[in-house]
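See below for the structure under consideration.
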Amino acid sequence: MRFGNKGKLSPRYMGPYQILKRVGKVAYELDLPNELAPVHPMFHVSMLKKCIGDPASIIPLEGLGVDESPSYEEVRVEILDRQVNRLRNKEIASVKVLWRNHLFEGAAWEAEADMKSRYPHLFPATPTLD
């Protein structure tokens, strides 16, 4: 029986589970939970890994709360630079935006029209000529 998805980021081991008894020279019987009832409880020693740790420091999964909709909002600090990129038939204005929680080197180029529509407070009002 396969334990979940196979792949690069899948867990390599499950457990820890308590060893009930040694069967022969190279096999052990484990105390598996009810959700693993279809799995045979006997395992070869090569399939087991020693659990090094304090059982008192293991946090039960039942008590943990997980936010169903995690979100992270980027907050703009200031506009550092402006440039106009020329394509064949049009010009695209871009601004270099410094984000909060990022270094100066992490500033990113964004489309000026998009930034003006979403964050008008970052652009100073241009005076009109009479």
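The values are calculated or read from the model by the stated rules, or taken from the named source; none is laboratory data. None of the values given here were measured: they were computed from a predicted structure. With ideal geometry, Cβ positions are generated from the backbone for all residues, glycine too; neighbour counts draw on all protein chains shown.
Before moving on, here are some points about what is shown:
- Criterion violated by Ala113 - all others in (1) part of a loop (DSSP other than H, G, I, E, B); (2) modelled with pLDDT of 80 or more satisfied: (1)
- In the set Leu103, Leu61, only one residue is more than 30 Å from Leu20 (Cβ to Cβ) and either at pLDDT 80 or above or not assigned by TED's automatic domain parsing to the domain that holds Gly24 (or both); that residue is Leu103.
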